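No value in this document is a laboratory result; all are computed from the given coordinates. Being a predicted model, the structure only gives us computed values, none of them experimental. Every residue, glycine among them, receives a Cβ derived from its backbone with ideal geometry; neighbour counts consider all protein chains shown.
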Amino acid sequence: LIGNTPLLELPSLSAATGCRVLAKAEFLNPGGSAKDRVAAAIVAEAEAAGALREGGTVVEATAGSTGISLALVCAAKGYRCHLVAADDVSPQKRELITALGATLELVRPAAIADAAHPVNVARARAAALGDGSIFADQFENLANTRAHEAGTAAEIWAQRSRECHTRLDWPVGRGWRDLGGMRRGGFGWTRPRGALPAAGADTRYRRCLC
């Protein structure tokens with residue numbers, strides 16, 4: 001159920017920019033965001049490596065979206081999920097995370113160098129659980145990039161390859177997603193016509209996708 005989301009044309013932006021602007025409808029993933037792809041990839045790669053085993057727990061720090069996705073994937077696969085978030089996370093995200101069966105530990109906001117930062121707390125919690133459980137480590141885990149290189153970008157190319165002949169402009173907002181998309185979209189991916197030039201643009205200056 002994760003992935004294979006459609007591309008939707010945005011008529012107003014297309015008219016404003018003078019090119020056809022398409023948006024990948026990632027809100028149609030079960031957890032409501034592209035983070036479902038990341039969560040599924042992190043869990044699958046940890047299973048394949050033998051790091052995550054039956055009865056294990058997936059631990060992660062989250063601002064909400066990745067936590068929701070991890071809670072969803074863990075519920076589907078029978079793993080426990082423990083999430084650490086700053087205590088200013090929205091009530092709606094808190095409710096959804098716990099409704100999906102995950103435990104949510106709230107901490108005060110702190111600098112990343114502080115042991116009390118959610119990422120550092122989550123890393124410590126995972127270490128205390130021992131073998132068979134994992135710290136998902138979304139910000140450093142290359143499964144994040146691979147999920148978008150093998151999934152998101154490949155889908156976009158399959159959906160619109162006949163219309164993309166000159167350039168792929170990829171809006172940059174979330175680093176791992178964009179790196180995976182740009183790698184597959186423009187660098188080192190051989191196609192019958194050769195690789196398209198790819199450019200990343202800050203999301204404040206979005207251009208057309210194809």
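Brief remarks on what is shown
- All lysines inside 25 Å of residue 24 as judged from Cα atoms, apart from same-chain residues fewer than 8 positions distant: 35, 93
- Distance histogram in 5 Å bins (all Cα pairs of segment 1-71, percent per bin): 3, 15, 18, 16, 15, 11, 8, 5, 4, 3, 1
- Residue-wise HN-Hα coupling along segment 23-33, computed from phi with Karplus coefficients 6.51, -1.76, 1.60 (Hz; x: Gly, Pro): 10, 7, 7, 5, 5, 7, 5, x, x, x, 7
- Beta bridges per DSSP with both ends in segment 1-109, % antiparallel, nearest 5: 25 percent
- The protection proxy used here, the mean number of other Cβ atoms lying within 10 Å of each residue, ranks peptides 3-14, 122-133 as follows, highest first: 122-133, 3-14.
- Extension gain for the segment residue 15 to residue 128, taken as residue separation times 0.36 nm less the Cα-Cα distance, is 35.2 nm to one decimal.
- Gain upon complete extension [residue 98, residue 114; 0.36 nm per residue less C-alpha separation]: 3.1 nm
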